[in-house]
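As structure tokens, the structure follows; a few thoughts come after it.
Here, each number is a calculation from the coordinates, and none is a lab measurement. Keep in mind that this is a model prediction, so the values were computed, not measured. When we count neighbours, we look across all protein chains shown, and the Cβ atoms used for this are built from the backbone with ideal geometry, even at glycine.
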Amino acid sequence: MLNDSLLLLMLAADRPVLTAPGRVDVALVIGVAGLIAGGVVGWVALRRRRRQQADLAELASEHGFSHVRDAESLLAIQAAMDTVFGEGAVLLTAMRKQVNGLTLEVVHYRFPMYRVERTGEWDARHQEADDRMITLVRDFDAPLPTFRLMPNNWVLNTIGGKRRNVFINVEPFGWRNYVFGTERDHIRFIFPGEIQHLLRQNKHLAIDSRRDLLAFYHLDEAWLPGNFEQFADQCLTIATTLNERCQAWETGEKDRVVYDVFGPY
């Protein structure tokens, strides 16, 4: 009896499952296509990570940055990014160097493309995210005014309102740059003609300013600026000039100097 039962089980195991014509073939095709798509996505992500790591290594070697590894500095950098973006940006790698008495930090971070949890939390393993780079400048000699500079466009002028732009009547700087903040006189003072001229054709650069922090980043698809050396020089020039102008503001020069924001640029 036992042998007969085993034989019946073996015969049943060898019998093909009856399905509608073509159903097994379609399922097989879908499964194979899914595996191929998953493999392509994984390969692209791996290649992108390797390219990013190579870009960062090149920056470190060619521009004299050193990797930031101590926990205290990394926490300070994360806090600075939270100040600019709110909680959500995840710090991946940070590099640092000192120039003109200022501290420059190039930060590689990951930011969620969208949020689905009501709490505002997100999990990078399950939600689409974008790898970006931001340059932080710190150790200023005088407090900076709080402002944000963005490439100007129709949406900003319509939703934000032209009058909100501190440089609404300054052309072409005000036409290319939407600068808003409550300390209007202070902001106008620290943007002299040479900085206006430098940003007269701005299309991608955004600048966030807090009391002891400047943050520079690009609003385009590239994770790194196309010409990082030019980008870094531009950031350093702006930061150095703003540092000098803020010192002048603190020492009372603002009461003696006529604003030059309406210069020839």
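Remarks
- Projecting label points 7 angstrom from Cα along Cα→Cβ for ARG148 and ASN227 puts them 2.9 nm apart.
- Other residues with beta-carbon under 13 Å from the beta-carbon of TRP175 carry, at +1 per Lys or Arg and -1 per Asp or Glu, a net charge of +3.
- Across the range 185-234, Cα-Cα pairs more than 13 Å apart make up 68 percent of the total.
- Label point 7 Å beyond Cα of VAL155 along Cβ direction - residues of the range 184-227 with amide nitrogen under 13 Å: 219-221
- Other residues with beta-carbon under 9 Å from the beta-carbon of TYR217 carry, at +1 per Lys or Arg and -1 per Asp or Glu, a net charge of 0.
- Taking other residues whose beta carbon is less than 15 angstrom from the beta carbon of ARG138, and scoring Lys, Arg as +1 and Asp, Glu as -1, yields -3.
- Taken over the alpha carbons of the range 72-112 as equal point scatterers, the Debye sum produces base-10 log I(q)/I(0) values at 0.23 Å⁻¹ of -0.76.
- Peptide ranges 199-206, 96-103 listed from the most packed, as the mean C-beta count within 10 angstrom indicates: 199-206, 96-103
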